[in-house]
1. Being surrounded by fewer than 16 Cβ atoms within 10 Å (Cβ to Cβ) and out of contact with any Cys (no Cβ under 6 Å at 6 or more places or on another chain), is that true of even one residue in the range 297-305?
2. Of everything in the range 220-240 that's within 16 Å of ligand 1 (Cβ to nearest atom) and part of a loop (DSSP other than H, G, I, E, B), which residue is nearest to the chain's Cα centre (by Cα)?
3. Just checking, does the range 145-152 include any residue being in contact with a Gly (Cβ under 9 Å, 6 or more places away or on another chain), within 16 Å of ligand 1 (Cβ to nearest atom) and small (Gly, Ala, Ser)?
4. Filter the range 85-106 for residues that are in contact with a His (Cβ under 9 Å, 6 or more places away or on another chain) and either of a type outside the set (Gly, Ala, Ser) or under 15 Å from Gly176 (Cβ atoms) (or both) and give the result.
5. Filter the range 185-209 down to the residues that are within 8 Å of ligand 1 (Cβ to nearest atom) and not in a loop (DSSP other than H, G, I, E, B) and list them by number.
6. Provide a single number: the residues in the range 241-295 that are among the hydrophobic types (A, V, I, L, M, F, W, C), out of contact with any Phe, Trp or Tyr (no Cβ under 9 Å at 6 or more places or on another chain), over 21 Å from Leu94 (Cβ atoms) and assigned to a loop (DSSP other than H, G, I, E, B).
7. Restricting to the range 370-391, and then to whatever is modelled with pLDDT under 95 and of a type in the set (A, V, I, L, M), can you tell me which residue is farthest from Arg337 (Cα to Cα)?
8. Tally time: how many residues in the range 189-210 are within 15 Å of the chain's Cα centre (by Cα) and more than 16 Å from ligand 2 (Cβ to nearest atom)?
Amino acid sequence: MTVLEQRGAYRPSPPPAWQPRTDPAPLLPDAEPYRVLGTESAATTDPGLLLRLYAQLVRGRRYNAQATALTKQGRLAVYPSSTGQEACQIGAALALEDRDWLFPSYRDTLAVVARGVDPVQALTLLRGDWHNGYDPYAHRVAPLSTPLATQLPHAVGLAHAARLKGDDVVALAMVGDGGTSEGDFHEALNFAAVWQAPVVFLVQNNGFAISVPLAKQTAAPSLAHKAVGYGMPGRLVDGNDAAAVHEVLAEAVRHARAGGGPTLVEAVTYRLDAHTNADDATRYRQDTEVAAWRAHDPVELLERELTERGLLDEAGIEAARQDAETMAASLREHMNRDPELDPMDLFDHVYAETTDQLREQRALLRAELEAEQEQAGGAGEEPGAREGGAR
Ligand SMILES: Cc1ncc(C[n+]2csc(CCOP(=O)(O)OP(=O)(O)O)c2C)c(N)n1
Ligand SMILES: [Mg+2]
C-alpha cells in the first residue's frame, strides 16, 4: 500500500488542545495616550517631583541646542537632537533607581546625563572617539547604541541574569519607532516575556525614522499594541507630558521589580529638530505639522502646570534657565579644548592578545610618526611642538 492509498485512513495524533496562555484583554493599551498635565490627576502629583522634572527639562533643552551648535563649529562630529522629546528622556531616567540599568540609543544623551553621567563624557562617541567616554558601570548606563535596537536584547540579557542571581535590578531599554521594525526588537520582547525578565521597553515614537514616517513603518493599531503578541502589557503615554511619562514608567519599573515581567511603553512625541545636524527635515515634512507639535511643547506644558498651581514664578524660571546656561558654558569650554589623541591607541584593545600583523602595522605607524617628527624638527620646529597634533 502506498502512502497515497493510505491517506484516507490516516489519522494524525490529536494536537494539544489550544488555549490562550495569557488573557489578552488586560495587556491591551488604552485607546488614547495617558496624560497627567492639565488633568485632575496633576493635583495629586508630588510638587517636588514636578519641579525636579522641570529643572531637568530646561537643562535638556539647552543641552540639545548647545550640542547642535557645537556640530556647526566642528567641535562635535554629529548630534541627534532630542528637542521635543525631553519629557521622554527625563521622565524615564528619573523613574529608575540607582541600582537599575539604562540601555540608551544614540538619541538618548539627555537620559544618560540625567542618570549622572558627565555631560561632556556623554558626547565622546558622537565626537568620533574610539571609546565610550564614560564607565558604563559607574552609573549603570550602557553605551549609546547606534546600531538600531541592538541594545534591547542586551537589556533583556542583563535583566534576566540579574534575576537569576537574585539581584534587585530592573533594566530600561529605549528605542525609536523605526527600531521596532528590527529583528532585535522581536527577539528581545519575545525572550523578555517568555523569561518574565525585569525589563521595561520604552519606544519613543517621534513620528519618523529619519525621513520615513510612521505610516510607512507599521500598520499596527499602535506600537504599544505589539506588546500583546508577546504576552506583556502595552501602555500608551503622551511623551510630551513629563509627569505622565514618569508615572507610567515608574509603574512599569515597580511591576518588573515585583516579578511581574516586562512592559512595552509607547511614548507619543515628536522630533522638533532634524534627524541629526546632517539632515534637512524640510525635505520630507510640512512646517504646519512642526508648528502643531510646537504648540504641545513638553517644557511649556510643565511650566504652565507649575505656574498655574503657584509652584513656579518668574524667579524660579530664571533660576532654571541660569542653571542651564552654566551647564552650557561648561560644555562649550570643555568641547572647545582639543582632545589629546595618540594614533598608537588604534592598536590597543583590538584583541586580548595582539597578532603579528597588528604588531607589524604598529611598528610601521610608529616609524612614520617618528620620521614626521624628525622632519618637522629639521624644518625648524621646536622638538615636541607637534606633540599635541601628532600624538
Ligand atoms: C541596524 C541599523 N540599520 C540602519 C541604521 C541607520 N539608521 C540610523 S538612525 C535610523 C532611523 C531610526 O529611526 P527611529 O528608530 O525612529 O529613531 P529616531 O532616530 O527617530 O530616534 C536609521 C535607519 C542603523 N543605525 N542601524
Ligand atoms: Mg523615530
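The values are calculated or read from the model by the stated rules, or taken from the named source; none is laboratory data. The structure presented is a predicted model; accordingly, all values stated were derived computationally and were not measured. Heads up, the Cβs are rebuilt from the backbone with ideal geometry, glycines too, and the neighbour counts pull from every protein chain shown.
1. The answer is yes; a qualifying residue exists.
2. The qualifying residue nearest to the chain's Cα centre (by Cα) is Gly239.
3. Scanning the range 145-152 turns up at least one residue that is in contact with a Gly (Cβ under 9 Å, 6 or more places away or on another chain), within 16 Å of ligand 1 (Cβ to nearest atom) and small (Gly, Ala, Ser).
4. Correct list: Ile90, Ala92, Leu94, Asp98, Leu102, Phe103.
5. Gln204, Asn205, Phe208, Ala209
6. Total meeting the criteria: 3.
7. Filtering first and then ranking leaves Ala379.
8. Here the count works out to 2.
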